[in-house]
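I have placed the structure first, in the form of structure tokens, so that the comments after it can refer back to it.
The values are calculated or read from the model by the stated rules, or taken from the named source; none is laboratory data. In this text, all values refer to a predicted model and were calculated from it rather than measured experimentally. Positions of Cβ are generated from backbone atoms using ideal geometry, with glycine treated the same way; all protein chains shown enter the neighbour counts.
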Amino acid sequence: MFGYVAANHKELEATDAAFYRSVYCGVCRSLQLRYGLKGRIILNYDLAFLALLLLALYDEQPSHAEQRRCLTHPFTKQTQLRSPFCDYAADMTVLLGYYKACDDWQDDKNPAKQLLARQLKPHLPQLEAQYPRQCAATAAYIRDLAEAEARGESDLDYLAGITGTALAELFVPTEDAWSATLRRFGFFLGKFIYLMDAAEDLDKDKKKGSFNPLIAYQSREDYAAFRADLLTSTLAEAAACFERLPIVEHAEILRHILYSGIWLHYDRLTAAERKEQEKHGSVQGAGR
Amino acid sequence: MDPYKVLGVDPSASDEEVKKAYKQLAKKYHPDMNIGAENIAEIERKFKDIQNAYNTIMDQRERGSQPGYGQGYGQQGYGGYGGQTYGNPFGGFDPFGGAFGGYGQQQSQPEHPIEIQAAINYINARRFAEARNVLDSYTGPKDAFWYYLSALAHQGMGNNIKAKEHAEKAAHMEPDNFQYHHLVQQLNGRGHAYTQRQTTYHTVNLCTGNWCIDMLILNALCNCCCCGRGFC
């Protein structure tokens, strides 16, 4: 999706970093086996996070590690975790990737996206048969977002909720005692991702004249504080869901992602803004 | 049955201890671990019991730390955690009855216009979308109480942004009303808990290094920009 939900792996303990990486490589391996190279190029951190979350939650499910060289690492063998949840995350990656590619093709007529959509399309009937609920949610996500943007929707809860509703379904592989919490987790994480993306793209969208609901808020004097509060309070709801799940092993990696790594883009954004402000300030100072 | 007894932990156990206790029992009673067992039906029942006990404890603790905090959001299949149902949707206290309220669910509060009373009833029944409809089509003056109800309906539907906005508006319109301030506090509670926990994990570090890009020249660039110092 957007790759926000990632760990800052420099902050992780060595064993945690190695495990996190083996899950990431495991999802990549699942993509390769199920979809070939076209699947691997759409690998992203957000769905590797989902694989890790489900692995940690359902740790009674069997998984094993394999050592293998791969295209991006031809010389050193990588540890790849093989698990039904890596397969599930790979399937969800392709599902989201297909709809995103179609949408991007319609929006900016990028031929690469059209090619990708065409390559992924043959897998869709199989995915639809296996995951009707997730497929319907993803299709609705793309459709509702396009509709909302076309009419210039300004309601942040509604707009962010579109992504939230889709991610809510993707977070639930099967209905069980944890699905209500996982749905809520996915819902608020999806909302956060939408808002973070809007915050990050604000200047770019403004220049291009693209839709961005935060443009209406940017002139507020307290915009920076408003934005921080918006993101924190939304993510806090997601984190509260995580804290109620019975996750013991690998919980620290997941917390590192949810409380720190996920803010990487935001930290970059505010650092760039601060630099811009300082530059602006020093120019003003020199003029005086 | 007492959920703590089911998991074999003391009520004073930390969340972490409850999770560990659950995990241990789950490994023992997971149906996948007992394939072919004679008493599989009993094992499955036991497994469900420990899952329910775990969710019950988490629900209770959530309501304990944030009294009145509604669980779940809405009727679109997201409502409530863990499949437990409670008589009182607002947990620790009922916003419209009992301890803090004069706002009765009973017919004994005739001062509310019929639409507002309907919204109260819908919220109590956790039918938040219907409460929303009634509130949005209400043509009377939007006073602090309307904003309070609106905040509750938004919260129930997962609209955390508007819930906060409307709760703050209600508290601003009637600064002396304890109930409105209490709701604002509850809505901010999760954010506070988050930022508190965040201090353990978060240092500003502007480079993660993508594993597969690490291999490329970008790695060199990355190392230049990445100084690992904290800004805050």
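Just the residues that are in a loop (DSSP other than H, G, I, E, B) and more than 14 Å from chain B (Cβ to nearest Cβ), please, taken from segment A:122-156.
The answer is A:Y131, A:R151, A:G152.
Report, by residue number, each residue of segment A:252-273 that is within 21 Å of A:T181 (Cβ to Cβ) and buried (at least 20 other Cβ atoms within 10 Å of the Cβ). Give the steps one after another, and end with the answer.
The first filter runs over segment A:252-273 and keeps only residues within 21 Å of A:T181 (Cβ to Cβ), leaving A:252-259, A:262.
Matches in segment A:252-273: A:I253, A:L254, A:R255, A:H256, A:I257, A:L258, A:Y259, A:I262.
Can you name the number of the only condition in (1) surrounded by 15 or more Cβ atoms within 10 Å (Cβ to Cβ); (2) without any contact (Cβ under 8 Å) to a residue 24 or more places away in the chain that A:R151 fails?
(1) is the only condition that A:R151 fails.
When you look at A:P74, is it farther than 17 Å from B:D32 by Cα, over 21 Å from the mean Cα position of the chain (by Cα) and part of a loop (DSSP other than H, G, I, E, B), yes or no?
On the way: farther than 17 Å from B:D32 by Cα: yes; over 21 Å from the mean Cα position of the chain (by Cα): yes; part of a loop (DSSP other than H, G, I, E, B): yes.
Yes; evaluated as a whole, the condition is true for this residue.
Conditions first: (1) in a helix (DSSP H, G or I); (2) at the interface with another protein chain (Cβ under 10 Å from one of its Cβ atoms); (3) more than 27 Å from A:A14 (Cβ to Cβ). A:Y217 passes all but one, so which condition is the exception?
Condition not satisfied by A:Y217: (2).
Please verify whether segment B:214-223 includes one or more residues that are surrounded by fewer than 16 Cβ atoms within 10 Å (Cβ to Cβ) and modelled with pLDDT of 95 or more.
Scanning segment B:214-223 turns up no residue that is surrounded by fewer than 16 Cβ atoms within 10 Å (Cβ to Cβ) and modelled with pLDDT of 95 or more.
Can you tell me which residues in segment A:21-60 are under 18 Å from the mean Cα position of the chain (by Cα), over 16 Å from A:L96 (Cα atoms) and at the interface with another protein chain (Cβ under 10 Å from one of its Cβ atoms)?
Within segment A:21-60, A:R21, A:Y24, A:C25 qualify.
Which residues, taken from segment A:1-16, are part of a helix (DSSP H, G or I) and either among the basic types (K, R) or free of Cβ contacts under 8 Å to residues at least 24 places away in the same chain (or both)?
A:A14, A:T15
So, A:Y88, is that one touching a Pro at 6+ places or on another chain (Cβ under 7 Å), assigned to a helix (DSSP H, G or I) and not β-branched (V, I, T) or not?
yes
Answer yes or no: is there a residue in segment A:108-119 that is of a type in the set (D, E), within 24 Å of A:A216 (Cα to Cα) and exposed (fewer than 14 other Cβ atoms within 10 Å of the Cβ).
There is at least one residue in segment A:108-119 that is of a type in the set (D, E), within 24 Å of A:A216 (Cα to Cα) and exposed (fewer than 14 other Cβ atoms within 10 Å of the Cβ).
Every residue in segment A:230-276 that is more than 10 Å from chain B (Cβ to nearest Cβ) and farther than 20 Å from A:L214 by Cα, please.
A:F242, A:H250, A:I253, A:L254, A:K275
Looking only at segment B:176-193, decide whether some residue is more than 8 Å from chain A (Cβ to nearest Cβ) and in a loop (DSSP other than H, G, I, E, B).
yes
Kindly evaluate A:C28 against the criterion of being in contact (Cβ under 8 Å) with a residue 40 or more places away in the chain and part of a helix (DSSP H, G or I).
yes
I'm trying to understand the selection: among the residues of segment B:125-160, which are surrounded by fewer than 20 Cβ atoms within 10 Å (Cβ to Cβ) and assigned to a helix (DSSP H, G or I)?
Result: B:A129, B:E130, B:N133, B:D136, B:A144, B:F145.
Taking only segment B:198-213 into account, find how many residues are modelled with pLDDT of 70 or more, crowded, with 17+ Cβ neighbours inside 10 Å and either in a helix (DSSP H, G or I) or among the hydrophobic types (A, V, I, L, M, F, W, C) (or both).
Quick first cut of segment B:198-213, residues modelled with pLDDT of 70 or more only: B:198-203.
Filter again for crowded, with 17+ Cβ neighbours inside 10 Å, leaving B:198, B:201-202.
With either in a helix (DSSP H, G or I) or among the hydrophobic types (A, V, I, L, M, F, W, C) (or both) added as a condition, the list becomes B:198, B:201.
Summing the residues that are modelled with pLDDT of 70 or more, crowded, with 17+ Cβ neighbours inside 10 Å and either in a helix (DSSP H, G or I) or among the hydrophobic types (A, V, I, L, M, F, W, C) (or both) in segment B:198-213 gives 2.
Kindly list the number of the only condition in (1) within 13 Å of chain B (Cβ to nearest Cβ); (2) within 14 Å of the chain's Cα centre (by Cα) that fails for A:D197.
Only one criterion is unmet by A:D197, namely (1).
Whether any residue in segment A:36-59 is in a strand (DSSP E or B) and either touching a residue at least 60 places away in the same chain (Cβ under 8 Å) or aliphatic (A, V, I, L, M) (or both) is what I want to check. Talk me through it step by step, then tell me what you get.
Step one: list which residues in segment A:36-59 are in a strand (DSSP E or B), which gives none.
No, because not a single residue in segment A:36-59 is in a strand (DSSP E or B) and either touching a residue at least 60 places away in the same chain (Cβ under 8 Å) or aliphatic (A, V, I, L, M) (or both).
I want to confirm something. Restricting to segment A:1-20 and keeping residues that are within 22 Å of A:L96 (Cβ to Cβ) and surrounded by fewer than 20 Cβ atoms within 10 Å (Cβ to Cβ), which single residue is farthest from the other protein chains (Cβ to nearest Cβ)?
A:F2
Restricting to segment A:165-189, what's the tally of residues that are of a type outside the set (S, T, Y), outside any loop (DSSP other than H, G, I, E, B) and more than 7 Å from chain B (Cβ to nearest Cβ)?
9
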